[in-house]
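Peer 1: Let me begin by handing over the structure; questions about it come next.
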Amino acid sequence: MRLPSIKTISSNFPDLSKEDVKKVRQLLEKYYYRPIVCLQKINKVIEGHGLEYIADVEDDGINFNGVEYVNMGDSYASTICYDRSSGRMFISCWEDVVVKNLKRFGGP
C-alpha cells in the first residue's frame, strides 16, 4: 500500500513537530490495515476534531464506499483521508475530494 511520505506529511502539516510527523507516518504503517483505528490515532496527534465521512452515491446502508477523514475544522485544511472504495490513504482537503469527484458524491 502506498502511504503519504514523511516529506508529504510535513509539507501538509507545517505546524507539526518532526517527532509528530514521524509518529503520523508510523501510525500509517502500523495501522493501515485498520483504517478507522489509524485515523482515530492520527486525529489525536494532529489535534483534529474527530472523524467525518463523505458518503458515496452508491452507499446503500450496507456497503459504504465513501471517504473517511480527520475533521480539521476547515474544509480547505489538509487532512488525512481514507477512500473506502480504493482502500487508499492520502492527504488532501475534503473540499477538493468532493469537487474533484462531483458525480461520485452527488454533484451535478
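No lab work stands behind these numbers, since they all come straight from the coordinates. None of these values were measured; they are calculated from a predicted model. Here the Cβ is made from the backbone with ideal geometry for all residues, glycine too, and neighbour counts use every protein chain on show.
Peer 1: Past 31 Å, Cα to Cα, is the threshold; run K30/K103; K23/K100; K41/K100 against it and keep the listed order. Kindly include the intermediate steps, with their values, before the conclusion.
Peer 2: Numbers: K30/K103 33 Å; K23/K100 29 Å; K41/K100 27 Å.
Violating the 31 Å limit, Cα to Cα: K30/K103.
Peer 1: Nearest 10 degrees is fine. How inclined is helix 35-45 to the longest principal axis of the chain, computing both from alpha carbons?
Peer 2: Computed tilt is about 50 degrees.
Peer 1: With bins 5 Å wide starting at 0, give me the P(r) of the range 1-53 over every alpha carbon pair, in whole percents.
Peer 2: Pairs per bin, as whole percents: 4, 22, 31, 27, 14, 1.
Peer 1: Calculate the spin-label point distance for D96 paired with V37, positioning each point 7 Å from the Cα along the beta-carbon direction, and give it in nanometres.
Peer 2: For the pair V37/D96, the computed spacing is 3.0 nm.
Peer 1: Identify the chymotrypsin sites (Phe, Trp or Tyr not before Pro) of the range 1-59 meeting these criteria: DSSP loop state and at most 13 other C-beta atoms within 10 Å of the C-beta. Provide the component values of the computation, followed by the final result.
Peer 2: Details: sites: Y31, Y32, Y33, Y53; in loops: Y32, Y33.
The qualifying sites are Y33.
Peer 1: Restricting attention to the range 28-81, which GluC sites (Glu not before Pro) occupy a DSSP loop and are surrounded by at most 11 other Cβ atoms within 10 Å?
Peer 2: Values: sites: E29, E47, E52, E58, E68; in loops: E47, E58.
Loop-located and lightly packed - E58.
Peer 1: Can you list the trypsin sites (Lys or Arg not before Pro) in the range 27-91 that are in a DSSP coil and have 11 or fewer other beta carbons within 10 angstrom? Please list the in-between numbers first.
Peer 2: Numbers: sites: K30, K41, K44, R84, R88; in loops: R84.
Hits after loop and neighbour filter: nothing returned.
Peer 1: Then there's this: Provide the descending list of Cα extents for the chain along its principal axes, expressed in whole angstroms.
Peer 2: 41, 27, 23
Peer 1: Among V98, S5, G87, which residue has its Cα positioned farthest towards the positive end of the charge dipole of the chain, with +1 placed on the Cβ of Lys and Arg, -1 on the Cβ of Asp and Glu, and the dipole taken about the Cα centre?
Peer 2: Value computed over the given set: S5.
Peer 1: Determine the relative contact order of the chain: mean sequence separation of Cα pairs under 8 Å and six or more apart, normalised by residue count, in whole percent. Could you put the intermediate results ahead of the total?
Peer 2: Values: 162 pairs, mean separation 23.6, N = 108.
Averaging sequence separation for qualifying contacts and normalising by length gives 22 percent for the chain.
Peer 1: OK, next. Among the aspartates and glutamates, which have Cα under 17 Å from the Cα of K7 when same-chain residues fewer than 8 positions away are ignored?
Peer 2: D15, E19, D20, E29
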